[in-house]
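The values are calculated or read from the model by the stated rules, or taken from the named source; none is laboratory data. If you're wondering where the values come from, they're calculated on a predicted model, not measured in any experiment. Neighbour counts run over all protein chains shown; Cβ positions are idealised from the backbone, glycine included. These area figures cover heavy atoms from the full protein model, side chains too; ligands, DNA and RNA do not enter into them. Shrake-Rupley method; radii C 1.70, N 1.55, O 1.52, S 1.80 Å.
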Amino acid sequence: MCQACDELTLLLAKETLESELMGLQRDAGILPASAVRPLMVHETTAQAWFTELEDDLDRGVAEAVHAVESAHVELAAVISGRLVVGGQTDISPQQLIERLKKLQAEKLPKQVEVIIDRAVKNLEQALTRVYQYAALRVIQERARQTGDTAEYALPTMGPRARDLAKPAVERSWTQLLNKTQEHLAAPALVLQNQVSAESVKKAVESISVAGISDQARQGVHAATGLGRVETAMDHDVDEIYASELLDGNTCRACASVDGTKYEDMEQATSDYPAGYYQGCAGGARCRGSLLFLFTGGDKKGTPSMPDPAMPSAMDPSSFPEPTKRVDRKMMEHIAGLDKRGRGGHVFGHVREGKTVFPADWDMAKIVAAAERVITHGGVTKDLRRSIRRELDIDGVRVVARGMLNAKGEAIFHTAYPEFGPGVYGTINGVYTPLPDAAARRDYLTEVSGLGGKV
């Protein structure tokens, strides 16, 4: 056999072994579906649970993209409403152009300001959660490596989350105006005597949101990388490695840096200054990150932040004082501490068919929200003795449910979120994002099919 044949045989044998190893690692739940190679020794030593890291990233992207895409739809509707007014069915191209020029010359309309501010807040919250969960994963990796279980306060992203969120959302309004102008200036349209109002609306509302969604996605990747790096900086790190395992569509530059060992944090962050590899052909689309092997025993340990993969009961001593309509029994139910075991709407609980409030809603905020819903919410169900009220608070649809007593008084026993930014439901033990009413309907359908109850 020639040398070339020997080399080919060895190469095929290596590929077969790698494929078998990847299969075993996937079966063990430690290798994500997007991986194109098996785990390296330093990745297993770091005890990074890549399936969780990928889930965190995907969940963050879904929430961030929803924030900008929802705003994009609303902003497009504003432009359509300004171009086609009243009951017009046809309009001249010249009228359309004049109306658009007037809109472009105006100070930002109040309606647009409200939409943008809400979307910026939602995206900011999504990026903040992504950062903190990335930080949490590093602390969990360190705890698994060293055995420390002491408390540790996670770092925060601070105003940088808004710095990333604001340009992405504002870009949507600018892009919609510019693309609408391009459409109205097209010769095929300008030369027409009249244009149907429906075609104008369709053209504006079909303007692609892909670029804005991509910018939000890049923000999630940057927040993830920064959360990992800045958390590791607070601890004694022994070894640092580049890992492009989660970057399924790996560019040549990322493939070359994959597995690189760095001498210190300064050298590592020179390659990953914003949390992702700066040489990546996709920029902040890079899903690569840094892995850390920690020196044991600095006693900073594991934070008491809820993990979406594990149940987390709330400490009753931290409950706020009962209000006029929300008593302690109701708080215990929401926290999942009721004796009948039917509650659990605090972020961190994984209970089949249950929805949980956003991660940054503590019991005090939940109680305040429930009080507002019961006092000011619209009655959507009042059959016999059962009563239900609902109200949107910070973009979250909050529902309070109770019964009418013999005196006709409403006694409420629970409050829970139906949908909104940061709201999740559990299906087969996995958190499913419920950003809007459509996602909620799909969730209910799937839960019902599994025989669950919401």
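For this structure, a couple of remarks:
- Search result, residues across the range 348-375 that are open to solvent by 30 Å² or more (accessible area, probe 1.4 Å), modelled with pLDDT of 75 or more and under 29 Å from the mean Cα position of the chain (by Cα): Lys354, Ala359, Asp360, Asp362, Ala364, Lys365, Ala368, Glu371, Arg372
- Considering the range 397-448, and only residues there that are among the aromatic types (Phe, Trp, Tyr) and under 23 Å from the mean Cα position of the chain (by Cα), the residue that is modelled with the lowest pLDDT turns out to be Tyr431.
- Every test in (1) open to solvent by 70 Å² or more (accessible area, probe 1.4 Å); (2) modelled with pLDDT of 80 or more is passed by Ala77 save one, and that test is (1).
- Test: residue in the range 370-384 that is part of a strand (DSSP E or B) and either in contact with a helix residue (DSSP H, G or I) (Cβ under 6 Å, 6 or more places away or on another chain) or in contact (Cβ under 8 Å) with a residue 40 or more places away in the chain (or both): no
- Close pairs (9 angstrom Cβ cut-off, 6 or more residues apart or separate chains): more than 20 Å from Phe50 (Cα to Cα) and free of Cβ contacts under 8 Å to residues at least 12 places away in the same chain in the range 267-296, among the charged types (D, E, K, R) and in a helix (DSSP H, G or I) anywhere: Gln278/Asp271
Okay, residues lined up against (1) small (Gly, Ala, Ser); (2) outside any helix (DSSP H, G or I); (3) within 30 Å of Arg162 (Cα to Cα); (4) under 34 Å from the mean Cα position of the chain (by Cα):
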position	(1), (2), (3), (4)
Leu184	no, no, no, no
Gln192	no, yes, no, no
Gly211	yes, no, yes, yes
Arg217	no, no, yes, yes
Ala222	yes, no, yes, yes
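- Residues (among the charged types (D, E, K, R) and buried (at least 19 other Cβ atoms within 10 Å of the Cβ)) located in the range 200-224: Arg217
- If the condition is being assigned to a helix (DSSP H, G or I) and touching a strand residue (DSSP E or B) at 6+ places or on another chain (Cβ under 7 Å), then the range 42-87 contributes His42, Glu43, Thr45, Arg59, Ala62, Glu63.
- Qualifying residue in the range 225-239 (condition: touching a helix residue (DSSP H, G or I) at 6+ places or on another chain (Cβ under 6 Å), open to solvent by 20 Å² or more (accessible area, probe 1.4 Å) and not in a loop (DSSP other than H, G, I, E, B)): no
- Matching residues, the range 241-267, being at pLDDT 90 or above, open to solvent by 60 Å² or more (accessible area, probe 1.4 Å) and polar (S, T, N, Q): Gln267
- Among the residues making up the range 297-347, a single one is touching a Ser or Thr at 6+ places or on another chain (Cβ under 6 Å) and modelled with pLDDT of 80 or more: His333.
- Residue check: Leu53 meets all listed conditions (1) surrounded by 20 or more Cβ atoms within 10 Å (Cβ to Cβ); (2) at pLDDT below 90; (3) over 30 Å from Cys286 (Cα atoms) but one, namely (3).
- Matching residues, the range 206-228, being among the polar types (S, T, N, Q) and either free of Cβ contacts under 8 Å to residues at least 12 places away in the same chain or closer than 30 Å to Gln181 by Cα (or both): Ser206, Ser208, Ser213, Gln215, Gln218
- Out of Ala197, Ala168, one residue alone is of a type in the set (A, V, I, L, M, F, W, C), open to solvent by less than 10 Å² (accessible area, probe 1.4 Å), touching a strand residue (DSSP E or B) at 6+ places or on another chain (Cβ under 7 Å) and in contact (Cβ under 8 Å) with a residue 24 or more places away in the chain. It is Ala197.
- Against the list (1) at pLDDT 90 or above; (2) open to solvent by less than 40 Å² (accessible area, probe 1.4 Å), the condition Ser270 fails is (2).
- Pairing each residue of the range 44-66 that is more than 30 Å from Val169 (Cβ to Cβ) with any residue that is open to solvent by 40 Å² or more (accessible area, probe 1.4 Å) and aliphatic (A, V, I, L, M), provided the two are 6+ apart or on different chains, yields C-beta distances under 8 Å for Thr44/Ile30; Trp49/Ile30; Phe50/Ile30; Thr51/Ile30.
One line per residue, one yes/no per condition, for (1) closer than 30 Å to Val200 by Cβ; (2) free of Cβ contacts under 8 Å to residues at least 40 places away in the same chain; (3) open to solvent by 10 Å² or more (accessible area, probe 1.4 Å):
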| position | (1), (2), (3) |
| --- | --- |
| Gln88 | yes, no, yes |
| Ala105 | yes, yes, yes |
| Ala119 | yes, no, no |
| Val130 | no, no, yes |
| Leu136 | no, no, no |
| Gln140 | no, no, yes |
| Pro155 | no, no, yes |
